[in-house]
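Notes for the one structure printed next.
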Amino acid sequence: MDLRELYQDIILDHGRHPRNFGALSDASHFAHGHNPLCGDKVTIFVKLDGDRIVEARFEGHGCAISTASASLMTEVVKNKTLAEADALFQNFHTKVTGGEQIALPAALEDDGDRLEPLAGVKSYPARVKCATLAWHTFEAAMHAGSIAAAVKTE
Amino acid sequence: MTMLAPLRPVAGNSFDVAWIRREFPVFERNPGLVFLDTAASAQKPRSVIDGIAEFYRSDYANVHRGVYGLSARSTARFEGARETVRRFLNAADVSEIVFVRGATEGLNLVAQSWGATFLKPGDQVLLSALEHHSNIVPWQQLRDRLGLELVIVPLDSSGGLDVAAFERLLTPRTRLVAITHIANVTGHVVPAAALVRLAHARGAKILLDGCQAVPRLPVDVQALDCDFYVLSGHKCYGPTGIGVLYAKRAILDAMPPWQSGGDMITTVTFERTTYQEPPQRFEAGTPDISGAIGLALALDFMDQVGRTTIRDHEQALTRYARDRLATMPGVSVVGAGSECLGVVSFTVDGVHPHDLATIFDQSNVAIRAGHHCAQPLMDTLGLAATARASFGIYSDESDVDALVTAIRAAQRLFDRPVQG
Ligand SMILES: Cc1ncc(COP(=O)(O)O)c(C=O)c1O
């Protein structure tokens, strides 16, 4: 596989200039994520209003894939309900693991497409965890209520 | 028993890498492989691979038990392997060679048997900032159990062990020093013999973790005068699942058994058991018989190549790699100094080590990326991850050149202008 399919322009751009980067002081939820295999670390901050995500940010350090994935994730989950964010995660997960695609509701298709550039990792099994770290951490933040949670991918 | 094809004579100090490579089937099966991850585990020569299979075909039975001929042969091969290790490390006596699963198990054995018996609350164990997790965590667990204090020797400005600080941190409360002989992240060689003298002058015992040193340096435990030495077979061209704990006989004599079961006892009644002498006291259960034999074959292989020849080769190649990487724009080599052997860690501006490893893999260049099981060292260096290239007896300058080309390709891929 051509490396440019893995390292697409979007990935390099978000890797170099991550969006929504930095702590969120009035976060209602946050969690730390860690990939002990490579040392990647990410903290996801979310501010909920009812069941709507009004703000999502992240902090940490990692490879281009994990940074771009966190950056794109914070963009697409913003202004979504928790159920919508979960649908995006399920769809994204099958994209990067090469599993059977789970269809997205029409209203979320554009957001699903925005995550498409990360689908290249499915040809690199050792790198799937890099793409999913931010999402698993996001999920942990949501499930832990407002208490700090830690997630590990190995 | 398979014999090694005769080593082609080499002129002076020159090293016939092409001959060596032909002895490693992995290169035949994986044409174009640029293997730069020997510090994680070395590839295996034909004599080891075939020798293990041949042993199973011809001489295999359980050891130390049967009266029949086959078992006697198997026992002779197994104990012969122990003698090979003794000779290789120049231990004074064969009973000082304990077979374990690997360095990790050797370190745990020392911590749990010697440490738990002879260390008391308030005693200090001196470690260094260079250590692999396997020479940190067993001591932490013992600290928490016994109330010990762990003292960490810092790095000097070159990223090697700060010997002046080592001397300063040795106190009358230091009972054990446990230090790597060669750092697995940066390749720094510690001045082992000097550290042993300093430790002994203060009445402390000293353990050296020889995982990275044994495949690269002639090691003589009597000349070093260390109390304990551990190594992993798979890092010196032998099989996985086997390693060695060397300890001075008087120390082993005073150590209680660690794991218990068959083979380590002399008599057992339901009331009481008496234990074997070292080394059997520390080898409960059926040992890794073929592993020990494979390890001995690997050590024979290294001896045949010549251990000073191997050291000179690794030294020249490490210097070549460090020099080439150091002159590349955007590349930083971790740690300075000529004292590094066999391992080069580096970072590339703008490309995370994990991405480097993926990109290199596309051109068949296998390196390691991450924290290399030495997170405290990475914290000290202020790095989350590095890329690491490491060498073996089959590595040569063409491997380093392929690495340089792969780094340039990664820089081109990542430095390109992109549309946001
Ligand atoms: C310096 C050092 N010590 C200990 C170990 C642990 O060896 P093993 O995993 O074979 O027990 C390693 C392996 O990476 C090492 O490099």
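Annotation note: GluC sites (Glu not before Pro) in segment A:45-132 located in DSSP loop regions with a Cβ neighbour count of at most 14 within 10 Å are A:Glu100. On the principal axes of its alpha-carbon atoms, segment B:104-183 has extents of 36, 27, 16 Å, going from largest to smallest.
A simple count of charges around B:Gly350, restricted to other residues whose Cβ falls under 10 Å of its Cβ and scoring Lys, Arg +1 and Asp, Glu -1, yields -2. Tell me which aspartates and glutamates have Cα within less than 13 Å of B:Lys120's Cα, excluding those fewer than 8 residues away on the same chain? Within reach: B:Asp144, B:Glu149.
What is the sum of charges around B:Ile367, taking Lys and Arg as +1, Asp and Glu as -1, for the other residues whose C-beta is under 10 Å from the C-beta of B:Ile367? Value of the local net charge: 0. The order of B:Ser74, B:Ser128, B:Ser398, going from fewest to most other C-beta atoms within 10 Å of their C-beta, is B:Ser398, B:Ser74, B:Ser128. Per-residue Cβ neighbour counts within 10 Å put B:Met378, B:Met328 in the sequence B:Met328, B:Met378, beginning with the fewest. How far, in degrees from 0 to 90, does helix B:192-201 lean away from the longest principal axis of the Cα atoms of chain B, to the nearest 10? It works out to around 50 degrees.
The long axis of helix B:397-415 is offset from the longest Cα principal axis of chain B by roughly 60 degrees. Sorting B:363-371, B:88-96 by average packing, meaning the other beta carbons within 10 Å per residue, from highest down gives B:363-371, B:88-96. Between the beta carbons of B:Ala250 and B:Leu146, assuming R0 = 22 Å, the FRET efficiency works out to 0.45 to the nearest 0.05. Annotated for chain A: lysine pairs at least 8 residues apart or interchain, Cα distance under 16 Å, count 7. With charges set only on the Cβ (+1 for Lys and Arg, -1 for Asp and Glu), what does the dipole of chain B come to about its Cα centre, in debye to the nearest 20? Charge dipole of chain B: 260 debye, to the nearest 20. If you take all other residues with their beta carbon under 9 Å from the beta carbon of B:Leu176, and give Lys and Arg +1 and Asp and Glu -1, the sum is 0.
Within the listed set B:Ile136, B:Ile251, B:Ile97, the residue fluctuating most in the Gaussian network model of chain B (springs between alpha-carbon atoms under 10 angstrom) is B:Ile251.
In a simple Cβ point-charge model (Lys, Arg +1; Asp, Glu -1; nothing else charged), the protein assembly as shown has a dipole of about 1080 debye relative to its Cα centre.
Counting only other chain Cβ atoms within 10 Å of each residue's Cβ, the peptide B:351-363 averages 6. When chain B is treated as a GNM with alpha-carbon contacts under 10 Å, the residue of B:Ala103, B:Ala296, B:Ala326 showing the greatest mean-square fluctuation is B:Ala326. By the helix-only formula, in which each DSSP H run with n ≥ 4 contributes -39500 (n - 2.57) and the sum is divided by residues, the protein assembly as shown has a 222 nm mean residue ellipticity of -12000 deg cm²/dmol. Among B:Tyr68, B:Tyr246, B:Tyr275, sorting on how many other beta-carbon atoms sit within 10 Å of each Cβ, with the fewest leading, yields B:Tyr68, B:Tyr275, B:Tyr246. Each semi-axis of the equivalent ellipsoid for segment B:262-420 is √(5λ) with λ an eigenvalue of the Cα gyration tensor; in descending order they amount to 44, 21, 15 Å. Among DSSP beta bridges lying fully in chain A, give the percent that are antiparallel, nearest 5. That works out to approximately 75 percent antiparallel.
Read-outs: derived from the displayed coordinates by stated rules, not from any lab. Since this is a predicted model, take the numbers as computed values, not measurements. Every residue, glycine among them, receives a Cβ derived from its backbone with ideal geometry; neighbour counts consider all protein chains shown.
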